[in-house]
Every structure is written in C-alpha cells, then in structure tokens.
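Engineer: Below you'll find the structure I mean.
The values are calculated or read from the model by the stated rules, or taken from the named source; none is laboratory data. These figures come from a predicted structure and were not determined experimentally. Cβ atoms come from the backbone with ideal geometry, glycine included; neighbour counts cover every protein chain shown.
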Ligand SMILES: *Cc1c(COP(=O)(O)O)cnc(C)c1O
C-alpha cells in the first residue's frame, strides 16, 4: 500500500461525486447557459454572503484574476513572503498584472495590520502605489495555520481607511472554517474578493471559485476569458463542486484529527527536531542531522510519499483518500526507520 501524503490535491472523486457529475444538466458556460455552473456560483456566493462568484479551472487563476482586478501597472501588492500568490504562481503578479510586490515576514505565514501599515508606500514619485493586500487562510507554508476573524478585522479596517483592496487566497478556507467554527458570512464580509479551491480537501477533480461584488465578478469574467479560462460544458465539473459542498465539508475535521496524530508520530523520530503547530491538515516537520532528500528517500523505500518544503523541512498533507488504517500503517512504518 502506497501512502501518498504529498498533497490534498491527489484525491479522486468518490462514487457519489462521479454520479453527480454524470447526471448534471449542462450548457455553454461562456454564454452563461450552464445551469450547474450557475447553481454552483450562486450556492457558494450565498454561503459566504457575497454578491457573486465565477467558476475557474484553478486557484492560481482565481488568485491571478483577483490581483488583476485590484492592481494596475506600476502598483504594488502586499503579502507574506511565503504566500502562494508570490511563490507558486509562476510570477503571475508580474506577468499578468505588471505589478510589484512587497513581501513581509510574519509568524507562521501570517501578517498583522501594524506590519501592513508600515509597508504601505508613500504617495511619492519613486514608489509603486500600494493598492492591494492579500492574505492566505489556511496558510500553506505556515503549516496550515489559521487566521482568526479577530486578526483579520483590524487589517480590513486599515485597508478601508487607506483605500486598499483586500483579497483572500482561501484555497483551504473550508479547512479553517470547520476548525474555527467561525461563520462563512463573517469571513465574506471582510474581503473584496475571496478565492476558494474545490480540488483540495473537498475532493473535486478540478475547480476553484472567485467571490466578490457583482461589478468585480463581471470584470473577472472578462479577465478569465483573456486568461483562456472560459469553459463550455463545465457543469460536469461544477456538479462535483456542489456535491463537495453538500457532503464533504464537515469531513475535513477528520483530516485535521489525523494530521495531529501524524504530527505526534513524526515528533517521536530522533531526526525530527520540531513539528510546526498542526492547526489543520498540513504537517511540516523540521529535520535535524539529515537532509530532506535522504529522509524522504527512506520514507519512499517504505512507500510513503512526502514533499520537500525547505532546506530542512518536509511536508505531509492529510486528505480524503488517507484513512485511519493508513494512519496506523504510517506509524508502524516510520517507527521502523
Ligand atoms: C493549491 C493552492 C492554490 C491554487 O492552486 P491551483 O493548483 O492553481 O489550483 C492557491 N493557494 C494556495 C495556498 C494553495 O495551496
């Protein structure tokens, strides 16, 4: 049995999800005529209490569309230095939006209103104009850490006071919400745009959604078209999203419980010096006296897959296709290392 903990994107649709996809009513979504895409967009917008939503092929696309909406040439985005939008989107802030980026430090991948306030560029001929702040929740490189509403509210107030837009890369926002119990509508109220992924822990094969005002989402549809993301009978994919929202959100708690146990198992190993606090489904272990490649090689010999996450870091992600039996088996195998 291979235990694959590289990512929660590895999940495959369940029988129920496949059934929902096969039987979905469809149409041409570029004409706005796919009933299932329209239903998904409406459902998810209602869930977060936001005006409108647009379905896209990937979270990179939803984030990049949001950045395009909230910047112009020669403006600047503020985000944490470990943000997905900066590290893992192919330099899209630059190539898609011709914008600059200011990278902040922060504990477990999170930034504060005070830090942001000190990083807003002055109105000066030398500096790119700051127009956008982007947060990530959960924070992938922060070990799946969670922002609370109390941490976000002062950031929102600052942005409103300074006339900045606030975007949330909520690829794993559902993980954060099931863990914190905070209300989706309270989250929706804090941001100009939110991007959520359906293809991570929720188990869909493809799909992300960008949420925002009616006016912003109207513009987003045009940007999506220019990025090549206008899809035709996308209802087959949207049906998976609707199914996931109905049946696979609460289940994320199981992934979190397994991740906590997995973290404890790793901490028992002599070569693991630290495990970042496990808040959701991501476990990041710091190694001592062994390089990630060597440690991961040993794991691979035992059919355990993980990813390198820094010079001394290895990441494990729990997901829908990783169950209690595999967790127990993981424990048995790592004890033999
Ligand atoms: C996965 C992910 C995305 C989007 O990735 P895609 O593979 O393009 O869907 C965005 N932000 C974070 C934090 C992610 O983990």
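Engineer: Give the residues of region 1-22 that are closer than 17 Å to residue 245 by Cβ and part of a loop (DSSP other than H, G, I, E, B), sorted by residue number.
Structural biologist: Result: 8, 11, 13, 14.
Engineer: Next up: Looking at region 284-302, I want the residues that are in contact (Cβ under 8 Å) with a residue 12 or more places away in the chain and in the same structural domain as residue 312 (by TED's automatic domain parsing) and have a partner that is in a helix (DSSP H, G or I) and surrounded by fewer than 20 Cβ atoms within 10 Å (Cβ to Cβ) with Cβ atoms under 7 Å, at least 6 apart or on another chain. Which pairs are those?
Structural biologist: Partner pairs satisfying both residue conditions: 302/333.
Engineer: Now for a separate question. Is there any pair with a first residue in region 50-62 that is in the same structural domain as residue 174 (by TED's automatic domain parsing) and a second that is within 8 Å of the ligand (Cβ to nearest atom) and not in a strand (DSSP E or B) whose Cβ atoms are under 6 Å apart and which are 6 or more apart or on different chains, and what are they?
Structural biologist: Sorted first by the residue in region 50-62, then by its partner, the pairs are 56/62; 59/171; 60/89.
Engineer: Among the numbered criteria (1) more than 16 Å from the ligand (Cβ to nearest atom); (2) outside any loop (DSSP other than H, G, I, E, B); (3) buried (at least 17 other Cβ atoms within 10 Å of the Cβ), which single criterion is violated by residue 46?
Structural biologist: Residue 46 satisfies every listed condition except (3).
Engineer: Would you confirm whether or not region 198-215 contains a residue that is part of a helix (DSSP H, G or I) and more than 18 Å from the chain's Cα centre (by Cα)?
Structural biologist: First pass over region 198-215, keeping only residues part of a helix (DSSP H, G or I): 214-215.
Okay, now just the ones that are also more than 18 Å from the chain's Cα centre (by Cα), so 214-215.
The answer is yes; a qualifying residue exists.
Engineer: Could you identify the single residue in 177, 173, 164, 168 that is modelled with pLDDT of 95 or more, closer than 17 Å to residue 136 by Cβ, over 20 Å from the mean Cα position of the chain (by Cα) and buried (at least 18 other Cβ atoms within 10 Å of the Cβ)? Don't jump to the end; show me each part of the working.
Structural biologist: Values: 177 fails: over 20 Å from the mean Cα position of the chain (by Cα); 173 fails: over 20 Å from the mean Cα position of the chain (by Cα); 168 fails: over 20 Å from the mean Cα position of the chain (by Cα).
Within the list 177, 173, 164, 168, the selection yields 164.
Engineer: Follow-up. Read through the list (1) buried (at least 20 other Cβ atoms within 10 Å of the Cβ); (2) away from the ligand (no atom under 16 Å from the Cβ); (3) in a loop (DSSP other than H, G, I, E, B), then give the number of the only condition that residue 25 fails.
Structural biologist: Result: residue 25 passes all but (1).
Residue by residue, here is whether (1) under 15 Å from residue 172 (Cβ atoms); (2) surrounded by fewer than 18 Cβ atoms within 10 Å (Cβ to Cβ); (3) modelled with pLDDT under 95 holds:
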| residue | (1), (2), (3) |
| --- | --- |
| 257 | no, yes, no |
| 266 | no, no, no |
| 273 | no, yes, no |
| 283 | yes, no, no |
| 300 | no, yes, no |
| 303 | no, yes, no |
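Engineer: Another question about this same structure. Within region 307-317, does at least one residue satisfy the condition of being assigned by TED's automatic domain parsing to the domain that holds residue 274, in a helix (DSSP H, G or I), out of contact with any strand residue (DSSP E or B) (no Cβ under 6 Å at 6 or more places or on another chain) and at pLDDT 95 or above?
Structural biologist: Within region 307-317, none of the residues are assigned by TED's automatic domain parsing to the domain that holds residue 274, in a helix (DSSP H, G or I), out of contact with any strand residue (DSSP E or B) (no Cβ under 6 Å at 6 or more places or on another chain) and at pLDDT 95 or above.
Engineer: Here are the criteria: (1) free of Cβ contacts under 8 Å to residues at least 24 places away in the same chain; (2) in a helix (DSSP H, G or I). Tell me which single one residue 65 does not satisfy.
Structural biologist: Checking residue 65 against (1) free of Cβ contacts under 8 Å to residues at least 24 places away in the same chain; (2) in a helix (DSSP H, G or I), the one that fails is (1).
One line per residue, one yes/no per condition, for (1) over 22 Å from residue 43 (Cβ atoms); (2) touching a strand residue (DSSP E or B) at 6+ places or on another chain (Cβ under 7 Å); (3) without any contact (Cβ under 8 Å) to a residue 12 or more places away in the chain:
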| site | (1), (2), (3) |
| --- | --- |
| 210 | no, yes, no |
| 231 | no, no, no |
| 240 | no, no, no |
| 255 | yes, no, no |
| 258 | yes, no, no |
| 261 | yes, no, no |
| 266 | yes, yes, no |
